[in-house]
1. Ranking B:R488, B:R709 by Cβ neighbours within 10 Å, fewest first, what do you get?
2. I'd like the distance between the alpha-carbon centres of region B:613-666 and region A:275-306, rounded to an integer number of Å.
3. Share of antiparallel DSSP beta bridges in the protein assembly as shown, in percent to the nearest 5?
4. How large is the helix-only mean residue ellipticity at 222 nm for chain A, computed as the sum of -39500 (n - 2.57) over DSSP H runs with n ≥ 4, divided by its residue count, in deg cm²/dmol to the nearest 500?
5. Net charge near B:L38, counting Lys/Arg +1 and Asp/Glu -1 over other residues with Cβ under 10 Å of its Cβ?
6. For region A:90-105, take each phi angle, set θ = phi - 60°, evaluate the Karplus expression 6.51 cos²θ - 1.76 cosθ + 1.60, and give the result in whole Hz per residue in order, putting x for glycine and proline.
7. Normalising by the residue count of region B:69-113, find the relative contact order in percent from Cα pairs under 8 Å and 6+ residues apart.
8. Pairs of alpha-carbon atoms within less than 8 angstrom and 6+ residues apart define the contacts here; what relative contact order does chain B have, in percent?
Amino acid sequence: MADSVSQPKSFQEILMRLQAYWGARGCAVLQPYDMEVGAGTFHPGTTLRSLGSRPWAAAYVQPSRRPTDGRYGENPNRLQHYYQYQVLIKPSPPDLQALYLGSLEAIGIDMDLHDIRFVEDDWESPTLGAWGLGWEVWCDGMEVSQFTYFQQVGGHDCRPVSGELTYGLERLAMYVLGIDHVMDMPFNDPSSPTPLKYGDVFRQTEQEYSRWNFDQADTAMLLQHFVDAEAECERILSAPAEDAAGRRIVMAHPAYDQCIKASHLFNLLDARGVISVTERQAYIGRVRALAKKCADAFVTTEAGGAMDAAEEAGAGA
Amino acid sequence: MPDLLIELFSEEIPARMQARARADLQKLITDGLVEAGLTYASAGASSTPRRLTLAVEGLSAESPTLREERKGPKADAPEKAIEGFLRSTGLTRDQLVEREDKKGTVLYATIERPGRPAPQIVAEVLERTIRNFPWPKSMRWGAGSLRWVRPLHSILCILTTEAGAEVVPLNVDGIASGDTTRGHRFMAPDAFAVTSFDDYAAKLRAAKVMLDPAERAEHIWNDATNRAFAQGLEVVEDKGLLEEVAGLVEWPVVLMGKIGEDFLGLPPEVLQTSMKEHQKFFSVRNPATGRIEGFVTVANRETADDGATILAGNLKVLAARLSDARFFWENDLRTVKSEGMEGMAAGLSDVTFHNKLGSQADRIARIAALAHEIAPIVGAAPDLATEAARVAKADLQSEMVGEFPELQGTMGGYYARAEGLPEAVAAACKAHYQPLGPSDDAPTEPVSVAVALADKLDTLTGFWAIDEKPTGSKDPFALRRAALGVIRLVLGNGVRLDFSEVLFRGIQQSPAQSFHERTDDGSLSPEERADKNHHAKAADLLAFFHDRLKVHLRDQGIRHDVIDACLAMPGNDDLTLLVKRAEALAATLATEDGANLIQGFKRANNILTQAEEKDGVEYSFGAEAKFAEGPEETALFAALDRADATIAPAMKAEDFPAAMAAMAALRAPIDAFFEAVQINTDNQVVRRNRLNLLSRIRTTCLQVADLTRLEG
């Protein structure tokens, strides 16, 4: 663990150390999902794969968009686009806390000097129909991760239970690197020929998206897209399980893409301030209904453990 | 007598659940042991974030053997009946005894339940306790189905005698019991074995775990106050926070820091709330200035740099949090300066208060109108009361209250002052929510009183109008608290409010639309029907107030029958008057004359009632002094004249103590009268006159309160 003692020099080094750490501990290092999502949890590698009986272990970085958090790149901590690092292991291993603490050491947090605490924080995602129990992890009073044992996703009980870790990468990296404003954080090695700061990469995009999110996004179009995504999701799921050639192919993932879309469109509409307090709940309910249907579909597929369940039933009979 | 030690070692237990879990563990285990026939001398539970521990001293080594005799069928009963009895007792035919009774020979079985060793019982009780533990929220983990608050890692369960310690064997879903535990997660993570509770507690301390939560809290508080004192500062007391923080650490280390100069201009409530809610910091105050200047945070470990890194990290997080708070504060001040509080409140028309009761803005308009009406009654300027009601909830739209809902009202006060609104208006922002609970003072400033009353009355009449009344333990809109708030406001300020009228109009003006009339015979117009319905609801709400009032007065030591005696009198919808009457009556009953007068009154009333029933007439007037025989009777006439001369005007002036004193003064003449005089004499004229005299006693006394409702 010699490398864990050295201090990382840049944002990307922290990210790469997490990739190496979790990769070495048996996780499949996935790539970000290629759609706009509000959090790493939305990646089907978490939402869908936390369902059913099949073991799973994955780690990935996920760019996440929260339009309402945009501050034109001026706030030291708030961004409308940021990175989450996500780990999901099913079933949750008994030493998950120790594994997690090892990851903090790997990115240069010296356990002998810092105060790490597990503070109650129950997680709930009304849009995904999901909840779990766990903690927010504090390092010297700062929340550096969410640690959750999934109990339910898409309305389905999680059996076995997945352990989920979510790191807010910018905040964690700023802490490790001793940076006060996110835009000042070295993105790559400061001694490289072309040193880049986080601001060099993202200040302009934060400004552009903040303006678009808050002032310019075409709300009529977004509303229409929401309705379209919802309808397409339902349509995909209502197609017969067998295709024209008689192959059984349940299209859980394409349907779930539409659910993700609807969720992000809702976030954009929310940032534009066109959703009233009463409508809010109704929109969230509509997305949740889609998420549940996708979960229902996924658990009938092979990856969703349907075949294992059938085998088990067959063996028992 | 062995001692039992149990430790359930898990991942971090939420701080707020630990106290209850300690009590539950102790109760479930000790109850289970006792139920199984064991006895014990004492028991005590402890907890840290990672463990729940129970120590039971002086446990019996085994449960006693129990013998039970059971009566069976007759000896000559059919084979099947006897077989059934044998099966149910587990005995054979030759083990039964025969005994004669009236009906013949009957079979008896003596079933012996041998005592069981303590380890067997402990294992059963502990497993049952683990499987059925009443966590407020529990979870599964991994591939198992066991539920615990967070993953359960190990079970320590030993019985210790002079001969040594022995593990009580049990296995709960793959977790086998043992005699080992672990120390502090970072400072002493290795496992170690223990042989007794004392050994356990001592080894834990050496492994940087302070087991007793009370000791941790005390350590934190002492250390924090000492450090603050050394710098001429004081820690703001917060028992809830102290308990929570003690539940977050196994090895508390107190660190103190200063708040950056840039943030000292924030209101102290903002500093305190932000530090407490986000970081679980205690606030440190400068007693000379009253300002919050520092904080205390509690780390869970010692470090080589004496906490310097930890403190620096915490300071950084605090600065980020307070920057946010200052951002909200400055934005809110800007809004108030450009648009005023009413501008800030504008968005409340989009905020639903309740789907049947309209928006917050609708509600504010109703409260403003009612406050305007109540103002003269409580001595407030009506226009000020209206203004205060209009701005009192404006801060619900402020950024600061959006972030810290518990600062509602407090922030409004700051913003109203920043806008330059009158002090009475600013003060009402916070005060109109009060009293918030039994320990919170009710406001006394007239404008605050007017708005506070209007706010609570609007809530109550609104929910009564839509039939959302509290039932049993369910009171989601805190209506009992609102009613008690009204009662305390009214009584504390001597407010004379015509409740029947106020409640009726509140219900009538509520935006609720649908009315369900149960006894609709079609003879009423829709308006009359609605009117009748509103009156019925107002009467029901008044009865609710009377119930809350009884509870309130009972807590103050006034008997419920005293209140009933006063409730039966006219004007019972004026709660202030009602209570004045009840207090005077209670005070009178506490005097010897008062208590005896009641006996005299009851005697007079009983004799009179019986005579009226028997004679079929009402003796209600015309007692004449000229028929009086003897000095006692004459004296009573004179005393009643005197009493009447005092009581009626005193009642009119609402001087209940004077009226009741005059009534109590009747005690001696009434007692003397009953002592000397026989009511039912043969002389019918004299008898009738005396019955009419008793009627005068009744009439005179009943002016004061309905004494027939008093018990005893």
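Each reported figure results from applying straightforward, stated rules to the coordinates on display, with no laboratory input. Computed from a predicted structure; not experimentally measured. Cβ sites come from the backbone with ideal geometry, for glycine too, and all protein chains shown count toward neighbours.
1. Values: B:R488 19, B:R709 15.
So the residues, fewest neighbours to most, are B:R709, B:R488.
2. Rounded to whole Å, the Cα centres lie 80 Å apart.
3. Values: 101 of 105 bridges.
Of those bridges, close to 95 percent are antiparallel.
4. Values: 10 runs with 129 residues, N = 317.
Theoretical 222 nm ellipticity from helices: -13000 deg cm²/dmol.
5. That works out to -1.
6. Running phi through 6.51 cos²θ - 1.76 cosθ + 1.60 with θ = phi - 60° gives 10, x, 4, x, x, 9, 4, 4, 5, 4, 4, 4, x, 5, 5, 4 Hz.
7. Numbers: 55 pairs, mean separation 22.9, N = 45.
Answer for region B:69-113 is 51 percent.
8. On the way: 1120 pairs, mean separation 49.8, N = 712.
Across chain B, relative contact order equals 7 percent.
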